[in-house]
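The structure appears below as C-alpha cells.
The values are calculated or read from the model by the stated rules, or taken from the named source; none is laboratory data. These numbers were taken from a predicted model, which means no experiment stands behind them. Note that each Cβ is placed from the backbone with ideal geometry, even for glycine, and that neighbours are counted across all protein chains shown.
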Amino acid sequence: MRRFRGRRVLVLADLVADEFVYGRVERISREAPVLILRHDVTDVRLGGGANAVHNIRTLGARPLPFGVLGRDAHGKHLRALLREKTIPTTGVAYAPGYATPVKARILAGRAHSTKQQIVRLDAYAPLPARSAARRSLERALRSFRGAVDGVLVSDYGCGLLDAALVRAAVAFARRRRIPVTVDSRFALLRFRGMTAVTPNEPEVEDALGVTIGHDRRKLEAAGRELLRRLGCQAVLVTRGSDGMALFERGQPPVHIKVHGTDEVADVTGAGDTVIATFTLALASGATPAEAARLANYAGGIVVMKHATATVSADELVAAVREDKGPVKGAGK
C-alpha cells in the first residue's frame with residue numbers, strides 16, 4: 001500500500017453521473033397510491049467508471065481518465081468534479097449530440113431519519129457506433145507516451161467501449177508490460193487477453209448461462225471456464241455477503257470471506273471500489289491474491305457508507321491492521 005502513492009493508472013471508462021435526490025415524506029397522494037415528497041437536496045457524484053477514477057485518487061494514486069461526456073449540465077458538472085479532485089481531464093472528450101449517462105436515485109424518509117432509496121431512473125442513449133469521439137480516444141490511446149503503471153477498463157454498457165477500443169487498451173498494456181483489468185456489466189465475454197476481470201456473481205451467471213447460488217463447485221467450474229474463455233490470468237468474482245473468489249491459472253481457487261459485517265448500508269458503486277483497489281494493487285507489485293484481499297477490505301469499507309463513496313488510503317491501512325488473520329478458505 002505504501003507503493004500506491006504516485007502510481008499512474010489509465011482508466012478507459014464510461015463516465016456516469018450518479019444523482020441522489022433526497023426528500024421528506026409528507027403524505028400519500030390522492031392521485032395515486034404513492035408518496036408525496038418535499039424536496040430537500042440533490043447531490044451529483046462521480047459514478048460508473050468515474051467512481052473507479054475517484055477511488056484511485058483517494059487511495060493516493062494518479063488516475064488518468066479517458067472517456068466521453070455530453071455537452072450538457074451533467075457532463076459539465078462531472079468535468080468540474082474531476083478537476084475539483086485534482087484529476088486531469090485532458091483525456092475526457094465532449095461528444096456532439098451525446099447525453100451524459102445519469103443514474104438518478106430518489107431517496108425518501110422522515111425529517112430526521114435515514115433516507116431510503118425508493119426508485120432509480122437511468123437516462124442514457126448509447127454512443128453511436130460511428131462516433132468520432134470513440135475514434136479520437138482510440139487514436140489518443142495509441143499515441144499516448146506518458147508513464148503508466150496499469151490500465152483499468154470500466155464498461156457500463158454506454159456504447160463507448162466496443163471490442164476494438166478494448167483490444168487497443170489491452171495491446172497498450174501488453175506493450176508496456178503492465179496489468180490491465182476489465183469490469184464489464186453486460187459484455188464480459190466480448191473481450192479477451194486482459195490480466196484480470198472482476199465480475200460479480202450475477203454477471204458470471206448471465207455470461208455463462210448458469211445458476212451458482214451457494215454451490216462452491218459450480219462457482220469454481222464457472223471461474224475456470226472464464227479463465228479459459230477470456231484468456232486472462234485471473235478472475236476475481238465478487239459475491240456480496242459471501243465475499244470473493246479468486247481464480248488464477250495453475251493455482252487452486254482462493255475463497256475470501258467478506259470483510260466486516262454483511263449488514264451493509266449501501267452497495268452503490270462498490271464494484272468500482274473493488275476494481276480500483278485491485279488494479280492499483282497489481283500496478284504496485286502485488287500478487288493477484290494480495291490484490292484481491294486488499295480489494296475485499298476496500299469493498300467492506302465502502303458498503304458501510306451511503307451513496308456513491310470512496311475509500312481512503314488511511315482507511316485501507318486501518319482495516320488491514322485490524323484484521324491480521326490469513327485469507328479465509330484459501331485453496332479449499
*Confirm whether residue 222 is more than 20 Å from the chain's Cα centre (by Cα), under 18 Å from residue 186 (Cβ atoms) and either without any contact (Cβ under 8 Å) to a residue 12 or more places away in the chain or surrounded by 14 or more Cβ atoms within 10 Å (Cβ to Cβ) (or both).*
yes
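Within region 170-182, is there a residue that is in contact with a Gly (Cβ under 9 Å, 6 or more places away or on another chain) and either surrounded by fewer than 13 Cβ atoms within 10 Å (Cβ to Cβ) or small (Gly, Ala, Ser) (or both)? Give the derivation first.
First pass over region 170-182, keeping only residues in contact with a Gly (Cβ under 9 Å, 6 or more places away or on another chain): 170-171, 173-174, 178-181.
Next, from what is left, pick out any that are either surrounded by fewer than 13 Cβ atoms within 10 Å (Cβ to Cβ) or small (Gly, Ala, Ser) (or both): 171, 173.
Within region 170-182, one or more residues are in contact with a Gly (Cβ under 9 Å, 6 or more places away or on another chain) and either surrounded by fewer than 13 Cβ atoms within 10 Å (Cβ to Cβ) or small (Gly, Ala, Ser) (or both).
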*Out of (1) touching a helix residue (DSSP H, G or I) at 6+ places or on another chain (Cβ under 8 Å); (2) surrounded by fewer than 15 Cβ atoms within 10 Å (Cβ to Cβ), the odd one out for residue 97 is which?*
(1)
*Go through region 281-304 and give me each residue that's among the aliphatic types (A, V, I, L, M) and in contact with a helix residue (DSSP H, G or I) (Cβ under 6 Å, 6 or more places away or on another chain).*
281, 282, 291, 294, 295, 298, 301, 302, 303
_Unique residue being surrounded by fewer than 22 Cβ atoms within 10 Å (Cβ to Cβ) and under 17 Å from the mean Cα position of the chain (by Cα) when the list is 299, 260, 269, 243_ = 243
*Which of the residues spanning region 185-214 are on the phi < 0 side of the Ramachandran plot, outside any helix (DSSP H, G or I) and of a type in the set (Gly, Ala, Ser)?*
187, 196
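Would you check if there is a residue in region 122-140 being within 16 Å of the chain's Cα centre (by Cα), over 22 Å from residue 284 (Cβ atoms) and surrounded by fewer than 20 Cβ atoms within 10 Å (Cβ to Cβ)?
The first filter runs over region 122-140 and keeps only residues within 16 Å of the chain's Cα centre (by Cα), leaving none.
Among the residues of region 122-140, not one is within 16 Å of the chain's Cα centre (by Cα), over 22 Å from residue 284 (Cβ atoms) and surrounded by fewer than 20 Cβ atoms within 10 Å (Cβ to Cβ), which makes the answer no.
Please find, among 111, 125, 104, 129, the residue that is within 21 Å of residue 50 (Cα to Cα), at pLDDT below 95 and small (Gly, Ala, Ser).
On the way: 111 fails: within 21 Å of residue 50 (Cα to Cα); 104 fails: at pLDDT below 95; 129 fails: within 21 Å of residue 50 (Cα to Cα).
Testing whether each residue is within 21 Å of residue 50 (Cα to Cα), at pLDDT below 95 and small (Gly, Ala, Ser) leaves just 125.
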*asked:* Condition first: touching a helix residue (DSSP H, G or I) at 6+ places or on another chain (Cβ under 9 Å), in contact (Cβ under 8 Å) with a residue 24 or more places away in the chain, within 22 Å of residue 162 (Cα to Cα) and surrounded by fewer than 16 Cβ atoms within 10 Å (Cβ to Cβ). Can you find one or more residues in region 202-215 that meet it?
replied: no
_For region 37-56, give me the residue count where each residue is on the phi < 0 side of the Ramachandran plot, surrounded by 20 or more Cβ atoms within 10 Å (Cβ to Cβ), touching a strand residue (DSSP E or B) at 6+ places or on another chain (Cβ under 6 Å) and not hydrophobic (A, V, I, L, M, F, W, C)._
4
*So residue 210 clears everything in (1) over 21 Å from the mean Cα position of the chain (by Cα); (2) within 22 Å of residue 273 (Cα to Cα) except one condition, right? Which one?*
(2)
*Of residues in region 53-88 being assigned to a loop (DSSP other than H, G, I, E, B) and closer than 23 Å to residue 271 by Cα, the one nearest to the chain's Cα centre (by Cα)*: 59
_Could you go through region 126-136 and let me know if any residue there is part of a helix (DSSP H, G or I), touching a helix residue (DSSP H, G or I) at 6+ places or on another chain (Cβ under 6 Å), at negative phi and free of Cβ contacts under 8 Å to residues at least 40 places away in the same chain._
no
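From 185, 192, which residue is touching a residue at least 24 places away in the same chain (Cβ under 8 Å), under 29 Å from residue 245 (Cβ atoms) and touching a Phe, Trp or Tyr at 6+ places or on another chain (Cβ under 7 Å)?
Details: 192 fails: touching a Phe, Trp or Tyr at 6+ places or on another chain (Cβ under 7 Å).
Going through 185, 192 in turn, the sole match is 185.
State all residues of region 105-120 that are among the basic types (Lys, Arg) and part of a strand (DSSP E or B); if no residue qualifies, say none. Step through it out loud before you land on a result.
Taking region 105-120 as the starting set, the residues that turn out to be among the basic types (Lys, Arg) are 105, 110, 115, 120.
Hits for region 105-120 are 105, 120.
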_Take the conditions surrounded by fewer than 19 Cβ atoms within 10 Å (Cβ to Cβ) and either closer than 23 Å to residue 61 by Cβ or at pLDDT below 95 (or both) and apply them to residue 163. Does it pass?_
yes
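Which ranges mark the strands (runs of 3 or more DSSP E) fully within region 1-52 that have 1 or more residues being over 25 Å from residue 144 (Cα atoms)? It would help to see each step written out before you state the result.
On the way: elements: 8-13, 15-28, 35-48.
Result: 15-28, 35-48.
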*Is there any pair with a first residue in region 303-324 that is in a loop (DSSP other than H, G, I, E, B) and surrounded by fewer than 16 Cβ atoms within 10 Å (Cβ to Cβ) and a second that is among the small types (Gly, Ala, Ser) and modelled with pLDDT under 85 whose Cβ atoms are under 6 Å apart and which are 6 or more apart or on different chains, and what are they?*
304/265; 306/265
